[in-house]
Amino acid sequence: MTPAARIQSVIDLLQKTGASRIPMDGTVGDYMRGRRFIGGKDRAAIVERLYAITRAHARLGWWLAQKGAGDTPRTRTIAWLTLGEGLKADTIANLFDGSRYGAPALSEAEESLARMLENHTIDHPDMPDSNRAECPPQWESRLRARFGVDFEKEMAAMIPPATLDLRVNVRRLSREDAAASLKKDGVKTVPTPYSPWGLRAENKAFLSKTKAFTKGLIEIQDEGSQLIAFLCGAQPGIQVLDYCAGAGGKTLAIAAAMNNKGRIIACDIDAGRLTKGRVRFKRAGVNDIIETRPLSDEKNRKWLRRQKGTFDVTLVDAPCSGTGTWRRNPDLRWRAFGPSLEELLTTQAEIMDKAAKTVKPGGRFVYATCSLLTEENEDQVTAFREKNQDFDIIDVSSLIPSLGSGPFMRLSSARHGTDGFFAAVLQKKA
């Protein structure tokens, strides 16, 4: 593709994602599948620029308003090329060359915009801190209350892309041996600071070409997600219920900690995600102890109601607002694709009440979200304990002392270098 054609693809995708009812990664996937002629390097360049523009959504909007320009996919792209990539107006005019597949030539107003933005950077002293921090208005008051004086620092830490974290299948090899194997295949890593199972890639990694990935020796998993599985305290021979298993990332981590001995039931309302999980379970060599039960099936819901006091550990990684995942999903800052917060709070409370019944006396109940909002986290745990006084809170700092986070795990990108996660560990009285 020509540089002009890449620019036009970015503009097309900005238009499509703005009108789409699904998250951006799905829209991009659909777009690329319909254009097999776009090569790998071109795809990577297009997607990288698209995500960069999305990560600068509020700041680009501020600049366009300051310059009196219309806010369109084209003007956002022009603004990003000047403010984010430092291109001069003449260079941008050459990129918009009007070629067959390229972006049409700049209008007089667009060329004027590019010249007005020359020699500026994406941030500006007059810009409100909420714009600099890329904080959506609907969450601002809650997040200011959550982070206090660290609000801007915490929000700014969620603007760059997430690190590439890997979880080692410690049942099959050590973290050190996994790092050595990856290094042979050109992937440099360092140990994650908190998870004993994790490695963090230092460079761009093409994992599909590594022995460690193809053999199921590693999985891509944010360190925070690994820590939720670690808090389950799974041991060989126990019974575990992963109530909201999704595609099975935490299920895999728990199975490895159990050394493939015991029993894990992976449930989810989405049968398709569980099906994808089964492929991962087999590749990791832990499918023998994992049973999947889609809760979209009435017989599985009936089965679940009969499991009172059955499990040593029950994990609820609850559906939530996803405010902790903005590094990976920058479009989620600005567009909601699922239930409202009020609906989510009701669902979370219902799931907690149902799942808690499956915990045996002396067993562990772990509630987790990828949310930064107090309503979905601490408030839910408080409300749950008011109704279920036979559960005591286990101080997370006693399980992972290096976190120093008090009774709950509250991870953030600025403090811990992870996605934003919350976890509470409760124990049912014997």
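Things worth noting here:
- Among helices (runs of 4 or more DSSP H) entirely within the range 210-268, having at least 2 residues that are open to solvent by less than 20 Å² (accessible area, probe 1.4 Å) and at pLDDT 95 or above singles out 223-231, 249-257.
- Pair list, Cβ under 7 Å, 6 or more apart: the range 10-21 residue of a type in the set (K, R), other residue surrounded by fewer than 15 Cβ atoms within 10 Å (Cβ to Cβ) and at pLDDT 95 or above: none
- Residue in the range 188-209 that is surrounded by the fewest Cβ atoms within 10 Å (Cβ to Cβ), counting only those that are farther than 14 Å from T418 by Cβ, among the small types (G, A, S) and within 19 Å of the chain's Cα centre (by Cα): A201
- Residue in the range 143-163 that is in contact with a strand residue (DSSP E or B) (Cβ under 7 Å, 6 or more places away or on another chain), surrounded by 15 or more Cβ atoms within 10 Å (Cβ to Cβ) and in a loop (DSSP other than H, G, I, E, B) present: yes
- Filtering the range 70-94 to residues that are surrounded by 21 or more Cβ atoms within 10 Å (Cβ to Cβ) and more than 33 Å from the chain's Cα centre (by Cα) leaves only I92.
- Some residue of the range 328-343 being crowded, with 22+ Cβ neighbours inside 10 Å, of a type outside the set (D, E) and in a loop (DSSP other than H, G, I, E, B): no
- Within this structure, T189 fails the test of being at pLDDT below 95 and β-branched (V, I, T).
- Among residues of the range 357-394, those that are open to solvent by less than 10 Å² (accessible area, probe 1.4 Å), of a type in the set (A, V, I, L, M, F, W, C), in contact with a strand residue (DSSP E or B) (Cβ under 6 Å, 6 or more places away or on another chain) and under 23 Å from G224 (Cα atoms), counted: 4
- Of all residues making up the range 7-47, the number that are open to solvent by 70 Å² or more (accessible area, probe 1.4 Å) and within 20 Å of F96 (Cβ to Cβ): 2
- Residue match in the range 263-283 (condition: under 23 Å from A423 (Cβ atoms) and of a type in the set (S, T, N, Q)): no
- Taking every residue in the range 363-390 that is over 12 Å from M352 (Cα atoms) and free of Cβ contacts under 8 Å to residues at least 40 places away in the same chain and pairing it with any residue that is open to solvent by 30 Å² or more (accessible area, probe 1.4 Å) and part of a strand (DSSP E or B), at least 6 positions away or on another chain, the pairs with Cβ-Cβ distances below 8 Å are D390/K428.
- On the stretch given as the range 346-383, residues that are in contact with a helix residue (DSSP H, G or I) (Cβ under 9 Å, 6 or more places away or on another chain), part of a helix (DSSP H, G or I) and of a type in the set (S, T, N, Q) total 3.
- Checked against the criterion of being touching an Asp or Glu at 6+ places or on another chain (Cβ under 9 Å), of a type in the set (S, T, Y) and at negative phi, the candidates T82, T72, T91, T77 yield just one match: T82.
The values are calculated or read from the model by the stated rules, or taken from the named source; none is laboratory data. In this text, all values refer to a predicted model and were calculated from it rather than measured experimentally. All Cβ positions, even for glycine, are placed from backbone atoms using ideal geometry, and neighbour counts span all protein chains on display. With ligands, DNA and RNA removed, areas are computed over all heavy atoms of the protein, side chains included. Shrake-Rupley method; radii C 1.70, N 1.55, O 1.52, S 1.80 Å.
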